[in-house]
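Every number in this text was worked out from the coordinates using simple rules, so none of it is lab data. Being a predicted model, the structure only gives us computed values, none of them experimental. Positions of Cβ are generated from backbone atoms using ideal geometry, with glycine treated the same way; all protein chains shown enter the neighbour counts.
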Amino acid sequence: MSFPLLTVTAAVPAAGAVITGALPAARRGAAKATAMGFALATLVLAAVVTGRFRPGGAQYQLTESHSWIPAFGVRYQLGVDGIAVVLVLLTAVLLPVVMLASWHDADLPAEGPKDKRRPAGAFFGLMLAIEAMVIIAFEATDVFLFYIFFEAMLIPMYFLIGGFGQKYEGRRAAVGDSADESSVRRSRAAVKFLLYNLLGGLVMLAAVVALYVNAHSFSVPALQNAHLSTTAERLIFLGFMFAFAVKAPLWPLHTWLPGAMGESTAGTAVLITAVVDKVGTFAMLRFCLQLFPGASAWATPVVLVLAVISILYGAILAVVQKDIKRLIAYASISHFGFIILGIFALNSRGQSGATLYMVNHGISTAALMLIAGFLISRRGSALIADFGGVQKVAPILAGTFLVAGLATLSLPGLAPFTSEFLVLLGAFEHTPAIGVAAVVGIVFAALYVLVLYQRTMTGPVKDGVTALKDLKVREIAVVAPLMALLLFLGVYPQPVLNVVNPSVGHTMSALHKQDPKPTHPVAEAINGGSR
Amino acid sequence: MNSLLGLLIAAPLLGAAVLLLGGRFVDRVAPVLGSALAGLSFVLGAILFSNLLGKPASGRAIDSDLFTWMHVGTFKADAAFHLDQLSMTFVLLITGVGTLIHIYSIGYMAHDEKRRKFFGYLNLFLAAMLILVLADNYLLLYVGWEGVGLASYLLIGFWQHKPSAATAAKKAFLVNRVGDIGLAVAVFLMFTTFGTFTFQGILHPSVVSSAGQGKATALGLVLLLAACGKSAQVPLQSWLGDAMEGPTPVSALIHAATMVTAGVYLITRSSAIFNAAPTAQLAVVCVGAVTLLFGAIVGCAKDDIKKALAGSTMSQIGYMILAAGLGPIGYVFAIMHLVTHGFFKAGLFLGAGSIMHAREDEVDMRKYGGLWKKMPWTFATFGLGYLAIIGFPGLSGFFSKDKIIEAAFAKGGTEGWILGGAALLGAAITAYYMSRIMVMTFFGKPRYTTKAEGGTSPEAHESPAVMVAPMVVLAVGSVFAGGFFSLGSRFLHWLEPVTGHSEGHSPVSTGVLTAATIVLMLLGMGLAWFQYGMREVPAAAPRSIWPVRLARRDLGQDDFNHAVFVRGGTRFADGLAEFDAKGVDGAVRGVAGAVGGGSSRLRKLQNGYVRSYAFSMFGGAVLIVAATLFMRAV
């Protein structure tokens, strides 16, 4: 038996979660160092997985398969395609960055009741637990195995949202908000998150059972060849899609996200939107499109319209938000609209673009949210109106925030542009009107980013901002790699596309689809002649 | 030579990287380093130019394919550059005027503590603008297109602590983004139609016509939308006046000489598409004609010297767009006017900057007057630019603008008379508003009291040599470029292989047109002299009749935008936010409540029992699935 690389990649953060969580509360430094060590080890493993993966080889590689519950044909079965590989790597890259950014977020406050806070070990342990579950969800090629972790990751997420709020440096500033009020709001947001996702999970569970009843297997490769009746395929598809659309989230199932991201720490918010939610869109590609190609094509018109609504709706609502983190949350709803638009364009530009979009959105949102977190913790408020003129006192913070913002509005030269362009092109190839409607989103994206920048960073320096300090060395260490990635993938996204493209090809053949051909192709003599 | 092409762009890009990331270490060398790299870029451009001249006219092109940017299936986007006569013309204009303005800025920005960033942004602009004109496909052009938009945003808002500057920067970016939609859709449409979006692939008459006139018209219209945004043409013109919040060298380089002319480049470059789409061409000439009058009228009413010049810029680009819309009879003259305008308008803005430099950033012309004695060099160079722009016989504008007026008449029919008439009228108004600026600024008695005289204004003085020298160079160009280009139609012969050219037949003879233009010009000058030269200029704008008030308010453009987009949009968005909180969320909560057994139960949950509830729900789910599977297995 070969070395179970995929299992180990998920097991290392899982072990890290247990060890970090078990450390005594007093040993805060040790807990943080341990957690960071495990996160970095996971990153190395993810890099090895990426290195061992051969683009263009078998659809699922580095496979492992063991019988688990033979009675129902449930197997512990892992394997990665190109899409899973880049998402595992993204997760492994983001975790250490998020941890470094959250380094002091779970420290006990200088004042206030000590019993109100949980120890740092729990905070970082929960993060590692989420990482482990997300990675195994990306790797699972057994529907039941996937389902278990798809649901299980709600538990650590729930505690992260409900248990750890934004920590402010020094005193709680003039926000007019007592600790109790904010903790009530926080637990409400956590509950909402849980209810939504549990409901999605329950519906999916019914569909999972129905799938087994109809196809007698949970194995993804086997199910790709299964024949379901049209009605069964459509019903099961809807069950899966509902759960993924809650998680992604797709309009109108999005309302849990702003609260969850707004009330939790910046690091947790990044985990929600850049890591956990990606499982939803990933699962649309892997399960909806590959297992239910007929039903996916059947549902496409509705999903595309919902995706366009998400894009515009999220962006417009982002413009009028008063809270920085909620603004970023609505922006994410808009971005998930783009990702889903690309997936259901059912062509290779759309799907490769959507996969690349997941990666780029992960990086750009992490950058924007984490820098916003640095800003918020300094001021003691997340309200946009409490800021103004920050660029004067903290130019590096303002400058990097602007770069992250420009990435968010998909400026060419930064990573998100490439994926947004591919997604929009794919949508246009599918239905020009949908593509054009979605393009309008780029104006609103510019609006919410530039309004946010203008109100917080420019103008005269506001009271309460005058003593704001610029980024510290630790914070620069968080931001610099993200900036470098944004720039690199903006100029040269091809390494990611090379890994993703062949896997999208597999999906395309599962869909029995081919890319649309140009209506009036340029004659070969003119097109190919010059180069 | 191919590698020189990459180097041409790399030089300013490197400058931007070093200056923006270098921190305080490079503060001292920033102005010189930035200017030197711009100069290097110009030298490389000149070498490439001489290389092109050495080739036969039909084969003057250099290609450089750097790497594959994105590749998915049959979709392939390359980072590849194409230098031909059209892009060469732009390269020399951009790097030439660009270098002069870098040098000028050494003096102008000498006392600004953020000098390093300023030169970094200027270098970034040069790099983006060079990508725009050298790209060999529409997607890479889009990169440069948004890149110059970014540089423009950063430089308009350079003094970020001023709320007006930050607002103007945001407005410019947003309005440009509306135009960018057009360019994005153009690329999509090209790819789905032709399977490619490279110039070499698409821009052949036979290729464009194979798709039919409908597609060509659609392409033309979306490209026009893009051009309107970048070139501040009606209806996307509203950002340019506000863009004057940026430092004056920026107004000269980006918002007069180069970036705002990108729309003219786009249309001229896409000539194969427009030639096949008469409807789109009609839209182009309409936009051009309307804007040339719109900008000119606004220019008449402004007391802020930079805003008056901005109105003029809009108007002059209107001329270029009009010419480009005329098709092969106009392309060459659109570009020729673009180049001569680059000289005289950059010169005029630098002159305005020189005055502001001397007068502590005073821009109100009502507080100028009699400056010719105090600032002889500025007066001389500004004066030559003034004569050039109004089309004084023998100077640059005379040659390039007359050709456009002639071509407009040559369009023939009623259209020809309307367009030609608009262009002629524009020439008269140009003479009026430029003479107004000239008279209010340099002639008459000083309308300010210096500190020595017990007032608040500083004593006006001539600017340092580092600022005067670029103004002199530009003045030389303003005087001679037009004549030089027209000598033996050399500009025409140079560009013709790329843009094509056909002679039109004007219903009015050239001699009559030239005479009419000169008479109208003199009328405009005379009127301005009568109004502002013969009488005292009041220190505050008098209350006047409604057309003047309307013109002063930019013909109501911002009032309209505010009422429709800002207020309407805000109301819509607020309504949507309420709907999101009550409607969507409420509906979903209602469903959840029903599932959970009524809303009272839900309230209880939210009061603290929720954790146990949630986990019992999860546990229940696991139980159900286990039971189901077990039953099936047994």
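Summary of computed values
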| quantity | calculated |
| --- | --- |
| Counted charge near residue B:434, where neighbours are those whose Cβ lies closer than 13 Å (Asp, Glu -1; Lys, Arg +1) | +4 |
| For the range B:158-235 versus the range A:222-287, the gap between their alpha-carbon centres in whole angstrom | 35 Å |
| Cα pair count fraction exceeding 58 Å, expressed as % - the protein assembly as shown | 19 percent |
| Loop-located chymotrypsin sites (Phe, Trp or Tyr not before Pro) in the range B:82-164, at most 13 other Cβ atoms within 10 Å (DSSP) | none |
| Size of the range A:354-433 as Cα extents on the principal axes (Å, biggest first) | 47, 22, 20 |
| Förster radius 35 Å - calculated FRET efficiency between residue A:184 and residue A:509 (Cβ-Cβ, nearest 0.05) | 0.10 |
| Cα gyration tensor category, rounded, prolate or oblate, for the range B:423-473 with a/c compared to 1.5 | oblate |
| Amide H within-cut-off set for residue B:66, under 5 Å, with H built and near neighbours excluded | B:79, B:80, B:81 |
| For chain B, calculated [θ]222 nm from helices alone, where every DSSP H run of n ≥ 4 adds -39500 (n - 2.57) | -23000 deg cm²/dmol |
| Cα radius of gyration and Dmax for the range A:387-439 (Å) | 15.8, 48 |
| Mean shadow area of the range A:1-132, taken as a quarter of the surface of its Cα convex hull (nm²) | 10.1 nm² |
| Whole-number D in µm²/s for the range A:241-291 (Stokes-Einstein; Kirkwood sum over Cα pairs; 37 °C, 0.692 mPa s) | 292 µm²/s |
| Extension gain (nm, one decimal) between residue B:560 and residue B:43, 0.36 nm per residue minus Cα-Cα | 181.5 nm |
| Neighbour net charge for residue B:299 - beta-carbon separation under 13 angstrom, K R +1, D E -1 | +3 |
| Formal net charge of residues neighbouring residue B:147 (Cβ-Cβ distance under 12 Å; K, R +1; D, E -1) | -1 |
| Convex hull (Cα only) mean projected area of chain A, reported in nm² to one decimal | 25.0 nm² |
| Globularity index of the range B:154-542, i.e. its alpha-carbon radius of gyration over 2.2 N^0.38 Å | 1.00 |
| Cβ-based charge dipole, chain B, positive-most Cα from B:387, B:58, B:69 | B:69 |
| Size descriptor, Kirkwood hydrodynamic radius, that averages inverse alpha-carbon separations across the range B:65-210, Å | 17.2 Å |
| Integer Hz, Karplus 6.51/-1.76/1.60 couplings in order for the range B:164-178, x for Gly and Pro | 5, 5, 5, 5, 4, 4, 4, 4, 4, 5, 5, 4, 5, 5, 4 |
| The range A:14-123: trypsin sites (Lys or Arg not before Pro) in DSSP loop, at most 10 other beta carbons within 10 Å | none |
| Sites residue B:17 and residue B:159 - FRET efficiency at Förster radius 25 Å, r taken between beta-carbons, to 0.05 | 0.60 |
| Packing-based exposure ordering (other Cβ within 10 Å, fewest first) of B:55, B:76 | B:55, B:76 |
| Entries of A:462/B:307; B:55/B:411; B:302/B:401 with Cα pairs more than 26 Å apart | A:462/B:307; B:55/B:411 |
| Estimated FRET transfer efficiency (residue B:549, residue B:487; beta-carbon r; R0 41 Å; 0.05) | 0.35 |
| Order by protection proxy (mean Cβ within 10 Å, highest first), peptides A:193-204, A:393-404 | A:193-204, A:393-404 |
| Exercise: per-residue mean of other protein chain Cβ atoms within 10 Å, A:205-212 | 3 |
| ³J(HN,Hα) computed for each position of the range A:407-418 - Karplus, 6.51 cos²θ - 1.76 cosθ + 1.60, integer Hz, glycine/proline x | 5, 5, 8, 6, 6, x, x, 10, 3, x, 4, 4 |
| Spherically averaged projected area of the range B:275-327 from its Cα convex hull (nm²) | 3.0 nm² |
| Value at 222 nm in deg cm²/dmol, rounded to 500, when DSSP H runs of n ≥ 4 in chain A each add -39,500 (n - 2.57) | -22500 deg cm²/dmol |
| Rough spin-label spacing in nm, given labels placed 7 Å along Cα→Cβ, for residue B:50 and residue A:519 | 5.0 nm |
| Karplus-derived HN-Hα couplings along the range A:153-165 (A = 6.51, B = -1.76, C = 1.60, θ = phi - 60°), whole Hz, x at Gly and Pro | 5, 5, 5, x, 5, 4, 5, 5, 5, x, x, 10, x |
| Cα gyration tensor, the range B:416-541 - rounded (a/c under 1.5), prolate or oblate | oblate |
| Paramagnetic reach from residue B:540 in the range B:431-456 [backbone N under 18 Å; point 7 Å along Cα→Cβ] | B:447-449, B:456 |
| Estimated inter-spin distance, residue B:209 and residue A:469, nm [label 7 Å along Cα→Cβ] | 7.2 nm |
| Extended-chain gain in nm, criterion 0.36 nm per residue less alpha-carbon gap, residue B:360 and residue B:578 | 73.6 nm |
| Average partner coverage of A:341-353, which counts Cβ from other chains inside 10 Å | 2 |
| Inter-chain shielding of B:172-180 (mean C-beta neighbours from other protein chains, 10 Å cut-off) | 4 |
| DSSP bridge orientation in the protein assembly as shown - percent antiparallel, rounded to nearest 5 | 95 percent |
